[in-house]
Structure formats: structure tokens, C-alpha cells
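Taking it in order: structure first as C-alpha cells, then the write-up.
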Amino acid sequence: MSLDRRTLLGVAALASAGPALSPATGAAQTPQIAPADPTEVIRLWPAGAPGGDGVTVTPIVPERSTDPAFHDRYAEYTTDPILTVMRPARPNGAALLLIPGGGYRWAVVDKEGMDVARVFAAAGVTCFVLRYRLPADGWAAGPNAPLQDAQRALRLIRAGAADYGIDPARIASLGASAGGHLAGLLAARRDATYDRVDAADAISFRPDLNVLLYPVVTLADPFAHVGSRTHLLGAEATPEQIATWSLERMDWSGVAPTVLIHALDDASVPVENSLVLLTRLRAAAVTTEAHLFQEGGHGFGTRLIAGKPAEVWPDLVHAFGARNGWLTVSAATPAAA
């Protein structure tokens with residue numbers, strides 16, 4: 001099954017539609033209720049996340065939505081990172097690790113997590129939504145703390161491939177905004193950022209496909225997202241730190257196929273972030289593709305783009321994955337009308 005337009009709009013509507021009016025009578029229909037969260041959750045660190053001796057924060061997950069038709073939550077001060085598993089009705093063997101954004105201040109739960117997972121799960125992809133630790137919360141690893149969680153998450157997914165009905169060689173990563181920066185680190189960095197915990201840590205943490213959605217790439221002015229840089233490195237980040245943590249300064253040789261998605265009218269993370277990384281990817285001979293949309297703004301996920309050019313982005317990811325080994329030919333064949 002592919003992510004055809006009817007699939008995309010139908011699933012997105014679950015999270016966006018408010019009270020509808022009956023076309024026949026004009027009478028108000030029963031308001032839609034946001035779909036329930038999946039109940040299958042994986043704790044990344046059963047014995048506790050590494051380097052937490054100096055951590056005193058208390059986790060919170062506030063709800064920003066006032067509409068019962070959809071959730072808009074964010075996770076702040078996370079101390080027990082988790083993966084929420086969304087299993088499709090008809091799995092096609094592909095898996096997707098979703099890394100939501102939030103400027104490294106928090107991680108959104110729905111807009112770039114659960115909402116996007118529902119769209120891809122409807123097309124047969126087994127999805128894993130990551131709730132990761134934040135770098136300014138006192139973890140010994142500092143800016144490496146979120147990457148520890150991402151590396152551990154990818155390894156756990158690959159280690160449990162048989163249980164999830166997925167191919168361990170077809171695990172993609174999708175990161176949005178600051179989550180796109182984290183997904184870029186997961187793709188490009190070769191160094192394990194934590195000591196081995198169990199047998200899963202002998203497995204590769206490198207994704208087999210990378211999707212970077214309006215990603216934070218450079219931490220250098222004038223195109224940096226200042227909030228992400230501040231929460232990752234602190235307000236007094238040195239030029240050396242900025243260079244070290246900017247994706248376009250990293251070695252991307254040997255990285256899996258990577259697709260970039262950005263709107264030209266993004267006022268929060270300028271499109272130049274994707275453009276500089278596209279140049280770097282091409283120089284490193286990474287199989288890559290970029291989609292730059294006239295309209296979409298920032299943080300659009302899947303719920304906020306109905307009727308806008310960027311609404312086709314899940315279809316484009318699906319097609320890119322089909323061409324580059326993430327999806328099998330049969331899985332990528334559109335369902336009959």
C-alpha cells in the first residue's frame with residue numbers, strides 16, 4: 001500500500017478535523033475525538049539513562065490543544081526515554097524511527113511524532129516514536145545525551161526486528177526541525193556515545209535511510225536556529241563548538257540515502273539549512289534528493305498542510321524509499337482504486 005493522497009488526507013483528518021456540519025441538514029455532528037495512543041512502549045534504559053547523577057528535573061508532558069479532535073503535546077525534562085511502537089495492520093517489513101523536534105528545549109509528541117507515525121503506519125510501515133532526553137537538563141553527556149538515546153533506540157529496533165516483523169536492513173530515521181539535527185547526527189556520527197549496556201549495543205546504530213524534515217543543520221549565524229543552538233550548546237557556545245556540531249561540517253561519506261524536505265517560506269529554520277547540507281551530501285556522494293516547497297512554513301508535520309504544496313511530502317518519502325531499498329517493490333506498488 002502506498003501513501004496515496006486519499007490515505008494521507010484521511011489519516012491526517014483524524015488529527016485535524018473539528019466538529020463537522022452535515023451536508024444534508026447543516027446540523028452539528030458528533031465531534032471527533034483524538035485517536036488513542038498505542039500502548040506498546042519500550043524503555044531505552046531499563047536500569048536508568050547513563051550519566052544522570054546530576055539530574056534533578058521532573059518530567060512533564062503538557063497538552064497545548066484545546067480541541068478534542070487532536071492532541072498537541074510536548075515532553076519536557078524527560079528522564080526515562082521511551083519508544084512508542086505503532087504497528088501497522090499490514091506490515092511491509094519497513095521500520096521508521098521518528099525523532100520529533102522542539103528546539104532541544106522539549107520534544108513534541110504528536111505533530112512530528114504520533115501524527116506522522118499514523119500516516120506511515122497506514123501504508124504498512126512499523127513506526128517507533130522517540131521521546132528523548134534534553135541536553136541542558138544536567139546529563140553528564142551534555143549535548144550527546146539526545147544522541148545516546150537515538151543510537152540506543154535504533155539499536156533496540158534492529159535487535160528486536162524479528163519480534164516487530166521488520167527487516168533489520170530496512171530501518172529509516174525521520175527527524176523534524178531540531179529532531180532533524182539529531183537525526184543528522186545519528187546518520188553522520190560514527191562514534192558510539194555511551195558504554196555498552198547489553199547485547200543490543202553490539203549492533204549498528206546507523207539508519208538505512210534518512211529523512212530530514214525542515215532540519216536544523218547549521219549552528220552558525222546567519223542561518224542558525226538560535227534556540228536550538230542555545231539549548232544544545234549553551235548561550236556562550238564557542239566557534240569551535242558551533243563548527244563541531246553543525247551538520248554541514250561533518251563527514252557524510254558512506255551515509256545511507258538521504259532526503260531533505262523544506263518550505264521556502266520557513267521563517268524559523270531558514271531553507272538555507274537544507275541547501276548547505278544538500279551541497280555537503282552531494283560532495284560526499286550520498287544518494288540524495290531535496291524537495292523545496294513554495295509554501296508550508298515551519299513545523300507543518302502532516303496535520304497543518306492540507307491544501308498546501310508541502311502536503312505531498314509523505315508520498316515523496318515513500319517513493320524515495322522505494323527507489324533506494326527501504327521499501328520492497330511490492331510494498332511500493334499503489335493499491336488498486
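The values are calculated or read from the model by the stated rules, or taken from the named source; none is laboratory data. Note that this is a predicted model, so its numbers are computed, not measured. Ideal geometry is used to build each Cβ from the backbone, glycine not excepted, and the neighbour counts take in all protein chains shown.
Filtered by the rule that a residue be within 30 Å of Gln32 (Cβ to Cβ) and in a loop (DSSP other than H, G, I, E, B), segment 45-73 gives Pro59, Val61, Pro62, Arg64, Ser65, Thr66, Asp67, Pro68, Ala69, Phe70, His71, Asp72. The residue list Tyr104, Tyr74 contains one member that is modelled with pLDDT under 95 and closer than 20 Å to Val216 by Cβ, which is Tyr74. Would you be able to tell me the number of residues in segment 257-276 that are out of contact with any Ser or Thr (no Cβ under 7 Å at 6 or more places or on another chain), surrounded by fewer than 21 Cβ atoms within 10 Å (Cβ to Cβ) and closer than 25 Å to Pro207 by Cα? The qualifying residues number 3. Per the conditions (1) closer than 26 Å to Leu134 by Cβ; (2) among the small types (Gly, Ala, Ser); (3) under 20 Å from the mean Cα position of the chain (by Cα), the sole criterion not satisfied by Ala243 is (3).
Considered as a group, the residues in segment 155-179 that are of a type in the set (Gly, Ala, Ser) and assigned to a helix (DSSP H, G or I) include one that is surrounded by the fewest Cβ atoms within 10 Å (Cβ to Cβ), and that residue is Ala162. Per the listing Gly301, Gly254, Gly307, the residue uniquely surrounded by fewer than 17 Cβ atoms within 10 Å (Cβ to Cβ), modelled with pLDDT under 95 and either part of a loop (DSSP other than H, G, I, E, B) or at positive phi (or both) is Gly307. Might you check whether a residue that is basic (Lys, Arg), within 22 Å of Gly227 (Cβ to Cβ) and either in a strand (DSSP E or B) or in contact (Cβ under 8 Å) with a residue 24 or more places away in the chain (or both) occurs anywhere in segment 125-140? Yes, there is a match, as at least one residue in segment 125-140 is basic (Lys, Arg), within 22 Å of Gly227 (Cβ to Cβ) and either in a strand (DSSP E or B) or in contact (Cβ under 8 Å) with a residue 24 or more places away in the chain (or both).
Here Val217, Val226 are screened, and the one residue that is closer than 19 Å to Gly175 by Cα and within 15 Å of the chain's Cα centre (by Cα) is Val217.
The set of residues from segment 277-286 being of a type in the set (Val, Ile, Thr) and crowded, with 17+ Cβ neighbours inside 10 Å comprises just one member, Val286. Of Gly54, Gly93, Gly48, Gly103, all but one fail to be touching a Gly at 6+ places or on another chain (Cβ under 8 Å), surrounded by fewer than 22 Cβ atoms within 10 Å (Cβ to Cβ) and under 23 Å from Ala141 (Cα atoms); the exception is Gly54.
Residues in segment 198-212 that are among the aliphatic types (A, V, I, L, M) and either more than 30 Å from Pro46 (Cα to Cα) or not in a strand (DSSP E or B) (or both): Ala199, Ala200, Ala202, Ile203.
Of Ala220, Ala235, all but one fail to be more than 26 Å from His291 (Cβ to Cβ) and either among the small types (Gly, Ala, Ser) or assigned to a helix (DSSP H, G or I) (or both); the exception is Ala235.
Residue selection: Tyr194 fails the criterion of being among the aromatic types (Phe, Trp, Tyr) and under 22 Å from Pro270 (Cα atoms).
Filter segment 116-130 down to residues that are under 11 Å from the mean Cα position of the chain (by Cα) and closer than 23 Å to Asp67 by Cα and give me whichever is surrounded by the most Cβ atoms within 10 Å (Cβ to Cβ). Going through the qualifying residues, I end up with Val116. Over 27 Å from Leu233 (Cβ atoms) and in a strand (DSSP E or B): is that true of Phe120 in this structure? For Phe120, the condition - over 27 Å from Leu233 (Cβ atoms) and in a strand (DSSP E or B) - is not met.
The listed residues are Glu240, Glu248, and the only one of them that is closer than 26 Å to Arg323 by Cα, assigned to a helix (DSSP H, G or I) and out of contact with any strand residue (DSSP E or B) (no Cβ under 9 Å at 6 or more places or on another chain) turns out to be Glu248.
The set of residues in segment 183-197 being part of a loop (DSSP other than H, G, I, E, B) and touching a helix residue (DSSP H, G or I) at 6+ places or on another chain (Cβ under 6 Å) consists of Thr193, Tyr194.
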